[in-house]
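Okay, structure first, notes after.
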Amino acid sequence: MWILKYIMEKKNKVKTIANFKEFVKEFGDIDGKENLEEIPCIILAGPPGCGKGTQAKIISKGIRWKHISTGDILRDSGDKDIKKMMKSGELLPDDLVGKELISYLKEYSKHHDPKGFIFDGYPRNLAQRDIFEEICRVNNLKLVYVFFLNAPESLLRKRIEDRGKTSGRSDDKSEKAFNKRMEEYNEQTLPMIESMRNGSNFIEISSNRSLEEISSLIFKKLDEI
Ligand code: AMP
């Protein structure tokens, strides 16, 4: 039922969390312990089809950091309202995604001692950036790099079209969903990415490089920390 409530709120354009500090205070302590040692993390950001997921998998395999994809977490929730919204290409409400993310991190931290985290698809707007920073503060996570994988829309459209033939993702199969995802990206995600651009840990990588070139660039940067 609570999901329905969120969707109703979303329809009424109530999208922001009133107080992100309170929100994270209530939900955001991942393992209930005081974390004395910093855990490094990176963000992979960019438009749909830019290769965030592919790179996150390669990096995770290479350095054994945990890959956290909010898209995968939401897809695995099995909830039909969530599925419906994802199919349309819309971004889901910030508090829903925040809670799903935090409960996933909590469950993971119960059984593992993470060396680092790779965030793929989170944060995706300015409100989520605030929540993300607060989650990091509360749990002693240190954001070491933001990698912005950029590509022109024509290339992204082609990639998603090709991926739709095999990915099994309903949002990869329709042009309408792709257009909505691009609209959400331009309106919500791009301003967030731009807000991070001036940080010393921001690295933009353009799509004229091969998959291997991009991962070796990321590995090289991670070697420096
Ligand atoms: P992705 O797998 O990252 O391409 O995400 C697929 C879909 O999941 C998006 O189009 C959104 O509907 C939803 N989603 C994933 N991450 C987020 C997020 N951080 N905020 C809101 N919606 C998200």
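The values are calculated or read from the model by the stated rules, or taken from the named source; none is laboratory data. Because the structure is a prediction, the values reported are computed rather than measured. Cβ placement follows ideal geometry from the backbone for every residue including glycine, while neighbour counts extend to all protein chains displayed. All accessible areas refer to the heavy atoms of the entire protein, side chains included, with ligands and DNA or RNA removed. Shrake-Rupley method; radii C 1.70, N 1.55, O 1.52, S 1.80 Å.
Things worth noting here:
- Residues in the stretch 109-156 that are of a type in the set (Asp, Glu) and open to solvent by 40 Å² or more (accessible area, probe 1.4 Å): 113, 130, 133, 153.
- Pair list, Cβ under 6 Å, 6 or more apart: the stretch 153-175 residue in contact (Cβ under 8 Å) with a residue 40 or more places away in the chain, other residue open to solvent by 50 Å² or more (accessible area, probe 1.4 Å): 170/87; 171/87
- Flag for residue 122 being farther than 26 Å from residue 177 by Cα and either of a type in the set (Ser, Thr, Tyr) or within 11 Å of the ligand (Cβ to nearest atom) (or both): no
- Looking across the stretch 54-76, the residues that are more than 14 Å from residue 86 (Cα to Cα), open to solvent by 20 Å² or more (accessible area, probe 1.4 Å) and in a helix (DSSP H, G or I) come down to 54, 57, 58, 60, 61, 62, 63.
- Pick from the stretch 157-172, criterion over 21 Å from residue 84 (Cβ atoms) and open to solvent by 80 Å² or more (accessible area, probe 1.4 Å), ranking: nearest to the chain's Cα centre (by Cα): 159
- Selection count, the stretch 97-108, where residues are open to solvent by less than 20 Å² (accessible area, probe 1.4 Å) and either over 22 Å from residue 21 (Cα atoms) or more than 8 Å from the ligand (Cβ to nearest atom) (or both): 3
- Within the stretch 22-40, at least one residue is surrounded by 11 or more Cβ atoms within 10 Å (Cβ to Cβ), modelled with pLDDT of 95 or more and over 20 Å from residue 96 (Cα atoms).
- Those residues of the stretch 176-211 which are under 20 Å from residue 42 (Cβ atoms), at pLDDT 95 or above, part of a helix (DSSP H, G or I) and open to solvent by 60 Å² or more (accessible area, probe 1.4 Å), in sequence order: 194
- Within the stretch 60-76, being more than 10 Å from the ligand (Cβ to nearest atom) and either under 13 Å from the mean Cα position of the chain (by Cα) or not acidic (Asp, Glu) (or both) holds for 60, 61, 62, 63, 64, 65, 66, 67, 68.
- Some residue of the stretch 86-103 being more than 13 Å from the chain's Cα centre (by Cα), within 17 Å of residue 47 (Cα to Cα), acidic (Asp, Glu) and modelled with pLDDT of 95 or more: yes
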